[in-house]
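> First, the structure itself, so that you have it in front of you.
The values are calculated or read from the model by the stated rules, or taken from the named source; none is laboratory data. Just so it is clear, the model here is predicted, and its values are computed rather than measured. As a convention, Cβ positions derive from the backbone with ideal geometry for all residues, glycine included, and neighbour counts pool all protein chains shown. For accessibility, only protein heavy atoms count, side chains too; no ligands or nucleic acids. Shrake-Rupley method; radii C 1.70, N 1.55, O 1.52, S 1.80 Å.
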Amino acid sequence: MATTVVSHCNFSWQPIPAASEKQCLRNGHTPFSLGLFPQPKSNITKVKTLNSSIQKYGNFNGWKVLGFLHGYSEIGLPKSELVAGGSNRDRVPMGYYFFLLQRTGINILVDTGFKSAHLAETFGIKNHLTALEMLKLCNLSSEDIDIIILSHGHWDHIGGIGDFPASKIIMRTDEYEWIKKIHTQFMHKPKYANRWCNKMGLGDPKHELWANGIQKSSFELLEKASSNGRLTLVDGTGVFEVSKGVWSVGNGSHTPGSQSIVVQNDEHELISLCIDNAYLYENLEREVPIGSCQSPSNNLAFIHQLIEKSDVLIPGHDIKITSYYDQLENIPGVFEIKTKRIMRERNALGKRDWLENIEAFEYFGDNSRAKGSYGITDEDVRMLYLNTNSPLVMKKANKVSNKACFQWNLSYLREKCSDNVVIVRTETNRLLYRQGKRVPIEKMPFGRYATQILEEQKCRTRYYLAACNIKKALPEVNHEVYIPSFVKKVHKGPFLWVAPKGHYEFCHFDPDDGLLIVLSGKKTVRLFPPSHLDEMYPNGLGSYGRTIQSQVDGIGASPNLQQYPKFENVRGYETVLESGDMLYIPAFWWHQVCSNEMTLSINIFWGSQSFLHKVQHFPDVRKCFDYWLLNVIEQNRFFESFNRILANLKNQIHRFLYNTWGEMISLDFAEELAEGIMKYLLESMSSNDVFFVNNGDPFKHLPPPDEKHTQRLKIRGLMHRNGNGAQVKSRQL
């Protein structure tokens, strides 16, 4: 067997020409074996920490790091397999990835994904492409891959090695010996393989997956690579430098010889590809070991070292990875890994590049997408964007649907609904409106408003038809509205928006997922993630309406940084929507809209299937949700009915959120929210409160709860911002 075996060591690099490095890799050697770098010695002490053996290189043109999502599974795996202490009943959606490292003509592949269509079907993996098929989308062939680093031996990481017959393969000796042992013990015992697969809920894999996640065909391909000198085994569990700026790090204890990869990229960052030594962001953020590992304590220590050393951490199977990084243009599922885009420190605000483009794809709806085509289906939308709370532009939706709304114009709507009374917003050209602090309204016939716009009357700039409920105000055309199939639970709407050219809508966030569909005209939309709650200067608690508005004006041009200095730290996204385009605006994302020309659009407020999960488990979303809920509390605080709300606060919250979203939250979550609200009210209590007492606990003197469970907690909306209703004193947290 012509297998090269090296031991890990601590060494320093000597610079060599890129061409020499490329040549030695092509010839099947490591730089060490050719004497270009210090030879590792077997008696060198084992490396125990990453800090002593991985150091950034100065003046080094590092690696470009690309990630490839080559399939995903909605059913995923039980959480107990992925996170120690997780429930066996909860299943977590899974993304299946491999990675490509590129520098000066050198290509290193980290894992090869899997090929088996049967296993994809067995695990419920959708949109599966092989590693080679995805690389071809990037104009790369198997001959372009110089080195393959195998993180470990499981089927979904090494199943594609047969497509790269000339590439050098590197893996850990312990992993190879483990695979070999399984092969020796169970190769002739198919019944054992079937029992193992049935235990995992996989059924009969027809001997493709025959024991402990190891494929028989994968081992045979490793043996073939070994026989022709392409396999290099790395002894030990420390750090091994594969090529300058690329280190393999064992052992994360997922398997006996599993390894993660640390890469220095072209922005001088250390990126850790954790692979299965940390399945999810949850493993890294909560610093909790994976559920499926050899040693939880060793795995946790390994995770701690990666966190301490790395600038960027990439888990092995988290479906959210793609939403954090810039996708290559026109290639779905391929993304470049740098610092998370939502965390990048942006340039001076005066430059346009502080606003990045929102990801955009041609929309195919329910239609299946052909392999390699540049578009997105409803399944893609749900898994890659709805579940991760990430915005998305869907182009050419008018080609998918034959609904008549895509043919609407203002003349047609005036003819159909001329006498229908609608509510329009007025004084929309004033600063208080642009800050969301005052929204005066007026009733008028739809035909009158449409005429103002069509005839370009001077008064048109003062009025704005916004959030016009089509079902109630324009029932004649309600049947013509298009609602995509991924919209499962409508909270409010659909609504019609008719904006004159140049209209600026105040920046705000909604407590619902939103879908904006442009029917005619053109809109510029700017989005800001929930993580920027403080930097967006929300109006004080108690401001009326369903939304939370930002006080920052002129976002698309020149915001006042002297008045709002923290806004300078905001990073945002921008897109221009044209006729037939749709924009998914995730719940609690700030958005500001300008009309480039007279525009007709529809929007729908709704909740995806993972809506409550995002509210409860996404920290930035939860922070915005808490602010929104306290705002509703403040809207009700000075009404006489507030004491009755407090008397049964947990049930009031439960009923309020159900009527607002159609989502049934757990009583435990309602109780958690009620405790937080009570604490807030005690800390901010004043003599103006209806529950105020001079001494003692004010909540002991509340009236008895309503027997009929009447919902008293409610949103005080546009009529109150128009000047009617209680006068509420704004509060800041």
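> Rule-of-thumb check for segment 521-561: C-alpha Rg over 2.2 N^0.38 Å?
The value comes to 1.32.
> Report the full-extension gain for the segment Gln294 to Lys566: residue separation times 0.36 nm, less the Cα-Cα distance, to one decimal in nm.
Gain on extension, Gln294 to Lys566, equals 93.3 nm.
> Answer rounded, prolate or oblate for segment 201-334, using the Cα gyration tensor with square roots of eigenvalues a ≥ b ≥ c: rounded when a/c is under 1.5, else prolate when a/b is larger than b/c, else oblate.
Note, shape of segment 201-334 comes out rounded.
> Return the carbon/sulfur percentage of the accessible area of segment 233-333, one whole number, probe 1.4 Å, all protein chains in place.
41 percent
> Efficiency by 1/(1 + (r/R0)^6): what FRET value for Asp90 and Asn61, r their Cβ-Cβ distance, R0 = 51 Å, to the nearest 0.05?
For R0 = 51 Å, the calculated efficiency reads 0.70.
> On to the next question. Strictly over 30 Å apart at the Cα level, which of Lys320/Lys492; Lys566/Lys714; Lys126/Lys523; Lys181/Lys244; Lys471/Lys650 would you flag in this model?
Checking Cα-Cα distances, Lys566/Lys714; Lys126/Lys523; Lys181/Lys244; Lys471/Lys650 exceed 30 Å.
> Separate question: Mind giving me the nanometre distance, one decimal, between the label points for Asn659 and Lys472, set 7 Å out from Cα along Cα→Cβ?
With each label placed 7 Å out from Cα toward Cβ, I get 1.4 nm.
> Once fully extended, how much extra length lies between Ser141 and Lys679, figured as 0.36 nm per residue of separation less the alpha-carbon to alpha-carbon distance?
Between Ser141 and Lys679, full extension yields an extra 187.5 nm.
> Share of segment 56-108's accessible area from carbon and sulfur, percent, 1.4 Å?
43 percent
> Considering only protein heavy atoms, what per residue accessible area in square angstrom results for segment 93-142 with a 1.4 angstrom probe?
That works out to 30 Å² per residue.
> If I model a spin label at Thr451 and Ile75 as a point 7 Å from the Cα along the Cα→Cβ vector, what separation in nanometres do I get?
6.2 nm
> In what order, largest first, do Ser260, Ser520 sit by accessible area if the probe radius is 1.4 Å?
Ser520, Ser260
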